[in-house]
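Here's the structure we're looking at; comments come further down.
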Amino acid sequence: MHDSVKNLSDIKNKINRNIKIIAVSKTFGPEKIRPLLEFGHGHFGENKVQEAVKKWTDLKKKYPNINLHLIGKLQTNKVKLALSIFDYIHSVDNEKLAKKIFDEQINQKKKIKIFIQVNIGDENQKSGTDKIKLKELYSYCKSLNLDVIGLMCIPPISPNPEKFFKELNILNSELNLKELSMGMSSDYLVAVSNGATFVRIGSNIFGSRYVK
Ligand SMILES: *Cc1c(COP(=O)(O)O)cnc(C)c1O
């Protein structure tokens, strides 16, 4: 069994079957991804639009049923390209971006699934909407009939991310949303015990990413 497939199976054995594991393949080439595709894994994540288009255009033709998730920041000028390849966007955090997705969905006659990213630790440099603006942004997305399925966060680096996961879970329930995107290699078990339905796991599956 290929390493990545074994790693994925180990993770699956630790968590509930209903939780979806997004294998985050950023920086890894098709040769590293293929064993998981052949194993039948269905969810993959990338953080850069151009990298995803290059890597996944052919792979998606061969494996049309897989779901590709954009988990990194999205600039409005890349929405058109993003919608051509991704099935989910986890990083919607402002109205301008929401409107651009609305317009482009009409142009491309498709509808993708959306998570609103929340700056759960109120960090200056982090992406995500401020918590106090969340309800307004959510209402705006609903007014455009966007398919918002849940909230997403990347908690501050801390030995105890649990309180951030708990807080996002509460915000998610207040909006009556069903899905919750949180948890990475280092903290996915904590995220899962606090309600995550999608975890985003890179290095625990593919190995460490080297700085290019
Ligand atoms: C890279 C990345 C991940 C996966 O990180 P690992 O620590 O390798 O599991 C998850 N979420 C986001 C938003 C990322 O950019």
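The values are calculated or read from the model by the stated rules, or taken from the named source; none is laboratory data. This structure is a prediction, so every number in the text was calculated from the model and none was measured. FYI the Cβ positions are ideal-geometry reconstructions off the backbone, even for glycines, and counts take in every protein chain you see. Ligands, DNA and RNA are stripped out before the accessible areas are found, and what is left, the full protein with its side chains, is counted by its heavy atoms. Shrake-Rupley method; radii C 1.70, N 1.55, O 1.52, S 1.80 Å.
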Selected from Ile19, Ile85, Ile132, residue furthest toward positive end of dipole (the chain; charges at beta carbon): Ile85
Local electrostatic count at Ser203 - Lys and Arg +1, Asp and Glu -1, tallied over other residues with Cβ under 13 Å: +2
Probe 1.4 Å, protein heavy atoms only - accessible area per residue of the range 134-212 in square angstrom: 49 Å²
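Given +1 on the Cβ of Lys and Arg, -1 on the Cβ of Asp and Glu, and no further charges, what dipole in debye does the range 8-131 carry about its Cα centre, rounded to the nearest 20?
Charge dipole, the range 8-131, about its Cα centre: 380 debye, nearest 20.
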Cα centre as origin, Lys/Arg/Asp/Glu Cβ charges: the chain dipole, Debye: 620 debye
Accessible area of the range 3-58 divided out per residue, in Å², using a probe of 1.4 angstrom: 50 Å²
Charge sum, other residues only, whose C-beta stays under 12 Å from Tyr63's C-beta, Lys/Arg counted +1 and Asp/Glu -1: +2
Carbon/sulfur fraction of accessible area - the chain, other protein chains in place, 1.4 Å, %: 50 percent
Distance violations [Cα-Cα > 25 Å] among Lys133/Lys163; Lys26/Lys133; Lys110/Lys142; Lys6/Lys126; Lys60/Lys113; Lys80/Lys113: Lys26/Lys133; Lys6/Lys126
Given charges at beta-carbon only (K, R positive; D, E negative), |dipole| of the range 154-212 in Debye: 260 debye
18 Å Cα-Cα reach of Lys48 towards aspartates and glutamates, excluding residues that sit fewer than 8 places from it in its own chain: Asp58, Asp87, Asp93
C-alpha center-to-center spacing [the range 42-85, the range 92-167] in angstrom: 18 Å
Filtered trypsin sites (Lys or Arg not before Pro), the range 72-149: DSSP coil and at most 12 other beta carbons within 10 Å: Lys109, Lys110
Expected 222 nm ellipticity per residue - DSSP helices of 4 or more, -39500 (n - 2.57), all of the chain, to 500: -12500 deg cm²/dmol
Ranking by accessible area, most exposed first, for Tyr210, Tyr188, Tyr138 with a 1.4 Å probe: Tyr210, Tyr138, Tyr188
